[in-house]
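Here the structure is laid out as structure tokens; the discussion comes afterwards.
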Amino acid sequence: MNVLFVTLDQFRGDTFGAAGHPLVRTPTLDRISREGVRLQRHFSQAAPCAPGRAALYTGTYQMNNRVVANGTPLPTGLANIATVARSAGYDPTLFGYTDQGLDPTDSEGTDDPRLDNYDGILPGFSVGLYLPESQAGWIQYLRAKGYDVESGWAPALRGEPERDAKDSLSGFLTTRFIDWLDHQESGWFAHLSYLRPHPPYAAAGEFSRLYDPADVELPLEPVSSEFRHPLHELALGVAASAAPTDHDALRRLRAQYYGMISEVDHQLGRVVRSIEERGEWDDTLVVITSDHGEQLGDHGLVEKLGFFPQSYHIIGLWRDPRADHAGTTIDKFSENVDLLPTLCEALGVAQPVQCDGRSLIPLFSGRAPEWRTAAHYEWDYRYFSINRRARQWPDDRTLSLRNLAVSVGEDCAYVQFADGSFRCFDLKADPTWRSECTDVTRVLAAAQEQLTWRQEHLTRDMTDMLLGPERLGRWPQGYLVS
């Protein structure tokens, strides 16, 4: 069995055809949905990229892996998707990036150049194509083809509409994967980590003109200022997170985002055709997800931040040709921390003890009568106060109060802030998260659910063993998987 594990960076869960979007065209994603399982209420566990990926790759919540920002090191000792793949006999190969920083305890001292950035490669991966934040390999490719390209990933990406789509960043990655695939025998494991539809909001070539802004719907307006939480108010005043207020600008931004989605769908179509031409499509397990979502103007915000679901509700597709799951839609809450345990079961290897998620396979087969009643995610915003250049942690105890946790249930969404404040949104009355729940009984039940969730998932790597003469051979199953 081959494994194709795909991440589409900053991909909202509602912006493709199979999810019911009325405008965006995604024939490849729609096909994979028909041939597999679509997770309709699938959530990332953190934002931005490094925290979201840490949860995805290790199957652990942020409260346990403690990767709270782009730049927070990933602790040594956590098993991950690559080490699990190796335990199953694969040579997992990366195309793109993983955004996981080196644990300083594994460094060669404070002058170790690997401590200068957070976009390192997740331990366990071989490298087919490494695209660090600078996107240097792609930029060199463009210059070799005669394009005049500024240095830096953001200027290069902003120029995508003026270049042919075949030379896009997503196209570059796809071509390198196909070239690699041509030299592989069956039984490969590839992680395709696409940056798009991550901003800047500029789609490649003809895809930048695919959607007329006049056809694009406007986003949800923010609630009036008297009802906003101070954190929401703060985000609306920051240029990097405040959406344009002009309606035409909003429509153009969303049209470009949709174009990026259709372009990366097109590139995935090339991947599928290449696998089919090898005669291996019916022997390939496909997993597609994202590290987090995108506000896209909803609640007056762009990018990924805060507590609204647009930043955390993401795409989730699972296609296993060995199983009879074709065309299944799962309406129960699923989370990115579930994907590592699910992959472990599919590959027949032990699940690491660290995992906070659960295998989804019983849910796919209708064999999971009890399941979670809420989805959970966290956002830590202490990084606004951390000086990247000073290698010293700030002497500020209040940093630990700059975080929040969210539980999204059937009829309430509960947000607990570390400073003691909270919000509880009445989803039954208003699914747009703009009406607060005032029923004390419901608020208390939502708060208790979140507290129980945190208590259930306290890290337990060594909690279920007792030292003693008979300890050998009595370690929890999968403890030594890494």
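The values are calculated or read from the model by the stated rules, or taken from the named source; none is laboratory data. Source: prediction; values computed, not measured. As a convention, Cβ positions derive from the backbone with ideal geometry for all residues, glycine included, and neighbour counts pool all protein chains shown.
Return the residue satisfying two criteria in turn: it lies in region 62-88 and is part of a loop (DSSP other than H, G, I, E, B) and in contact with a Leu (Cβ under 7 Å, 6 or more places away or on another chain), and of such residues it is surrounded by the most Cβ atoms within 10 Å (Cβ to Cβ).
The extreme case among them is VAL67.
Let me confirm something: among LEU173, LEU181, which residue is modelled with pLDDT of 95 or more, surrounded by fewer than 24 Cβ atoms within 10 Å (Cβ to Cβ), of a type in the set (A, V, I, L, M) and under 21 Å from ALA85 (Cβ atoms)?
LEU181
Inspect region 301-312 for any residue being charged (D, E, K, R), modelled with pLDDT of 95 or more and farther than 20 Å from GLN62 by Cβ and give the result as yes or no.
So far as region 301-312 goes, no, none of its residues is charged (D, E, K, R), modelled with pLDDT of 95 or more and farther than 20 Å from GLN62 by Cβ.
Can you pull out the residues in region 89-118 that are in a loop (DSSP other than H, G, I, E, B), within 12 Å of LEU74 (Cβ to Cβ) and among the acidic types (Asp, Glu)?
Answer for region 89-118, where residues must be in a loop (DSSP other than H, G, I, E, B), within 12 Å of LEU74 (Cβ to Cβ) and among the acidic types (Asp, Glu): ASP99, ASP103.
Find the residue count for region 400-416, including only residues that are surrounded by 18 or more Cβ atoms within 10 Å (Cβ to Cβ) and not in a loop (DSSP other than H, G, I, E, B).
So the count comes out to 11.
In region 305-330, how many residues are more than 19 Å from the chain's Cα centre (by Cα) and of a type outside the set (Val, Ile, Thr)?
Number of matching residues: 8.
Which members of region 433-459 meet the condition of being surrounded by 14 or more Cβ atoms within 10 Å (Cβ to Cβ), under 27 Å from the mean Cα position of the chain (by Cα) and either hydroxyl-bearing (Ser, Thr, Tyr) or part of a loop (DSSP other than H, G, I, E, B) (or both)?
Matches in region 433-459: TRP433, ARG434, HIS457, THR459.
Tell me yes or no: at least one residue of region 133-154 is among the hydroxyl-bearing types (Ser, Thr, Tyr), modelled with pLDDT under 95 and in contact with a helix residue (DSSP H, G or I) (Cβ under 8 Å, 6 or more places away or on another chain).
Yes: region 133-154 contains one or more residues that are among the hydroxyl-bearing types (Ser, Thr, Tyr), modelled with pLDDT under 95 and in contact with a helix residue (DSSP H, G or I) (Cβ under 8 Å, 6 or more places away or on another chain).
So which of GLY279, GLY259, GLY316 ends up being over 14 Å from PRO197 (Cβ atoms) and touching a residue at least 40 places away in the same chain (Cβ under 8 Å)?
Of GLY279, GLY259, GLY316, the one residue that is over 14 Å from PRO197 (Cβ atoms) and touching a residue at least 40 places away in the same chain (Cβ under 8 Å) is GLY316.
If the Cβ limit is 6 Å and pairs must be 6+ apart or interchain, which residue in region 348-375 that is under 28 Å from CYS412 (Cα atoms) and without any contact (Cβ under 8 Å) to a residue 40 or more places away in the chain pairs with which residue that is surrounded by fewer than 17 Cβ atoms within 10 Å (Cβ to Cβ) and of a type in the set (A, V, I, L, M, F, W, C)?
Close Cβ pairs satisfying both conditions: PRO362/ALA368.
Out of everything in region 123-133 that is over 15 Å from PRO200 (Cβ atoms) and out of contact with any Lys or Arg (no Cβ under 7 Å at 6 or more places or on another chain), what residue ends up being surrounded by the fewest Cβ atoms within 10 Å (Cβ to Cβ)?
VAL127
For region 33-61, give me each residue that is assigned to a helix (DSSP H, G or I) and either in contact with a Phe, Trp or Tyr (Cβ under 7 Å, 6 or more places away or on another chain) or farther than 22 Å from LEU195 by Cβ (or both).
SER33, ARG34, GLU35, ALA50, ALA55
For region 73-111, which residues satisfy the criterion of being more than 30 Å from GLN184 (Cβ to Cβ), in contact (Cβ under 8 Å) with a residue 60 or more places away in the chain and not small (Gly, Ala, Ser)?
Within region 73-111, just THR110 meets the criteria.
Does any residue in region 178-204 that is within 22 Å of ALA156 (Cβ to Cβ) come within less than 6 Å, Cβ to Cβ, of a residue that is assigned to a strand (DSSP E or B) six or more places away or on a different chain, and which pairs are these?
So the pair list comes out as LEU192/VAL6; LEU192/PHE95; SER193/THR7; SER193/GLY96; TYR194/LEU8.
Cβ-Cβ under 7 Å, sequence separation 6+ or interchain: first residue in region 155-177 and assigned to a helix (DSSP H, G or I), partner surrounded by fewer than 17 Cβ atoms within 10 Å (Cβ to Cβ) and acidic (Asp, Glu). Which pairs?
Here the result reads ALA156/GLU150; ALA165/GLU206, each pair linking region 155-177 to a residue that is surrounded by fewer than 17 Cβ atoms within 10 Å (Cβ to Cβ) and acidic (Asp, Glu).
Restricting to region 55-81, name every residue that is more than 16 Å from the chain's Cα centre (by Cα), modelled with pLDDT of 95 or more and among the small types (Gly, Ala, Ser).
If the condition is that a residue be more than 16 Å from the chain's Cα centre (by Cα), modelled with pLDDT of 95 or more and among the small types (Gly, Ala, Ser), then ALA79 is the only one that fits.
Among the residues of region 127-162, write down those that are of a type in the set (S, T, N, Q) and closer than 21 Å to VAL264 by Cβ.
Answer for region 127-162, where residues must be of a type in the set (S, T, N, Q) and closer than 21 Å to VAL264 by Cβ: SER134, GLN135.
Of these, PHE333, PHE307, which one is buried (at least 20 other Cβ atoms within 10 Å of the Cβ) and part of a loop (DSSP other than H, G, I, E, B)?
PHE307
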